[in-house]
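Peer 1: This is the structure I have questions about; it appears just below.
Each value in this text was obtained by applying a stated rule to the coordinates, not by laboratory testing. Values in this document were obtained by computation on a predicted structure and should not be read as measured data. Note that each Cβ is placed from the backbone with ideal geometry, even for glycine, and that neighbours are counted across all protein chains shown.
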Amino acid sequence: MKFRAEIDIMPLKALLDPQGKAVSASMGNVGLTEITNVRIGKHITLEVDADNKEVANTKVTEACTKLLANQIMEGFEFTLEEA
Amino acid sequence: MKFGVVVFPGSNCDMDMVYVLESIMKQEVVKLWHKDTNLQNCDFIILPGGFSFGDYLRSGAIANYSPIMEKLVEHANNGGYVMGICNGFQILCESGLLPGALLHNTNHKFICKNIHLTAITKNTLVTNQYSDNAVKIPIAHGEGRYHADEETLQELITNEQILFKYSDENGNITEEANPNGSLLNIAGVCNKNRNVFGMMPHPERAADAELNNADGKILFDSILNIVLS
């Protein structure tokens, strides 16, 4: 079976996100002063071959912890659907 | 002493490093391709600066899984010397051989300029010839903001693993002298066993008196001072 993962990787909340901060500051320039606390991460999609969803979940978790995210600076979450 | 300089796709400080080791320090040097799995009996492996794999995903993240890295980790775990400069430091942090991580600079800019550093511990292979005076060495990075959790920072202090801190030219470690927002002004660290080293500044770009600044040469002098004695 093939599964599709939608992965979000975000800088840890405790860390300064300079990119998000710069975008937050520019919200005022487009007249949206109500918008604050912009934080910017990555969205990754991938497909994984696995016998069932549980195995796919394990494989995607491994991909995130080994390569896609660095847990010293980032957190990750994902959804998994049959492709 | 035989040095090996690892070349990844996107490395761009490899030849500077080879030049300093070979022409200035008069040592044997070989270049090692990232797909090699033979370290050619090198005593000291250097991961140079650059943009390995275009800095895709995160700086150093993809290089960390190049074939040579397995042998490099083995070399380090057997007590062999390893040093990473700039992108090399990022790769060593990704590999877990060095603690912490390098984040985007606080000002989100690529910073390329001379800065000042002060050696914090002189009890290492690479810092033993430094004095308490600040030295001038260039940096060139977009992701150099050193980060580690509180517990790791405490260990770095307790075990005297902080090699260099960003300082002003008089050696004062101040917020103004911190170019990238690194925690505790940290510019370089070593591992607990003191055989793996990493730093963001480029000593190899300041090791030839002809270039009007040889402050970086002290690092290479430190290595040879221990090894040749």
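Peer 1: For region B:104-139 and region A:41-78, what is the separation of their C-alpha centers, rounded to whole Å?
Peer 2: 36
Peer 1: A further question follows. Does chain B come out rounded, prolate or oblate, given a ≥ b ≥ c as the square roots of the eigenvalues of its C-alpha gyration tensor, rounded meaning a/c under 1.5 and, failing that, prolate meaning a/b above b/c?
Peer 2: Note, shape of chain B comes out rounded.
Peer 1: Count, for each residue of B:142-150, the Cβ atoms from other chains sitting within 10 Å of its Cβ, then give me the mean as a whole number.
Peer 2: So the per-residue partner count for this stretch is 2.
Peer 1: For chain B, what does the helix formula give at 222 nm: sum of -39500 (n - 2.57) over DSSP H segments with n ≥ 4, over the residue count, nearest 500 deg cm²/dmol?
Peer 2: Helix contribution divided over all residues of chain B: -5500 deg cm²/dmol.
Peer 1: Still on this structure, please answer the following. Hey, got the average number of other protein chain Cβ atoms within 10 angstrom for residues in B:97-104?
Peer 2: Mean partner-chain Cβ count within 10 Å for B:97-104: 4.
Peer 1: Continuing with this model, one more query. Which of B:Met200, A:Met73 has the fewest other C-beta atoms within 10 Å, and how do the rest follow up to the most?
Peer 2: A:Met73, B:Met200
Peer 1: Taking amide H positions as placed 1.01 Å from N in the peptide plane, with prolines and chain starts having none, which residues 5 or more places from B:Val7, or on another chain, fall under 5 Å of its amide H?
Peer 2: B:Leu32, B:Trp33, B:His34
Peer 1: Over all residues in A:70-82, what is the mean tally of Cβ atoms on other chains that come within 10 Å of each residue's Cβ?
Peer 2: Mean shielding by partner chains, rounded to a whole number: 3.
Peer 1: Return the lysines within reach of B:Lys2: Cα separation strictly under 19 angstrom, same-chain partners fewer than 8 residues apart disregarded; answer none if there are no such residues.
Peer 2: B:Lys26, B:Lys31, B:Lys71, B:Lys217
Peer 1: Moving on to the next point. Assuming R0 = 41 Å, can you tell me the calculated FRET efficiency for the pair A:Lys21 and B:Asn212, based on Cβ-Cβ distance, to the nearest 0.05?
Peer 2: 0.65
Peer 1: Using the number of other C-beta atoms within 10 angstrom as an exposure proxy, rank B:Ser229, B:Ser52 with the fewest first.
Peer 2: B:Ser229, B:Ser52
Peer 1: Still on this structure, I have one more. If you take the beta carbon distance between B:Asn12 and A:Val30 as r and set R0 to 45 Å, what does 1/(1 + (r/R0)^6) give as a FRET efficiency, to the nearest 0.05?
Peer 2: 0.75
Peer 1: Further, regarding this structure: Under the rule of -39500 (n - 2.57) per DSSP H run of 4 or more residues, summed and divided by the residues of chain A, what mean residue ellipticity at 222 nm is obtained, to the nearest 500 deg cm²/dmol?
Peer 2: Mean residue ellipticity at 222 nm (helix-derived): -7500 deg cm²/dmol.
Peer 1: Would you please give the FRET efficiency between A:Arg39 and B:Gln154, computed as 1/(1 + (r/R0)^6) with r the Cβ-Cβ distance and R0 = 22 Å, to the nearest 0.05?
Peer 2: Efficiency, rounded to the nearest 0.05: 0.20.
Peer 1: Hey, rough spin-label estimate for B:Glu22 and B:Asn225, points 7 angstrom out along Cα→Cβ, what's it come to in nanometres?
Peer 2: 2.7
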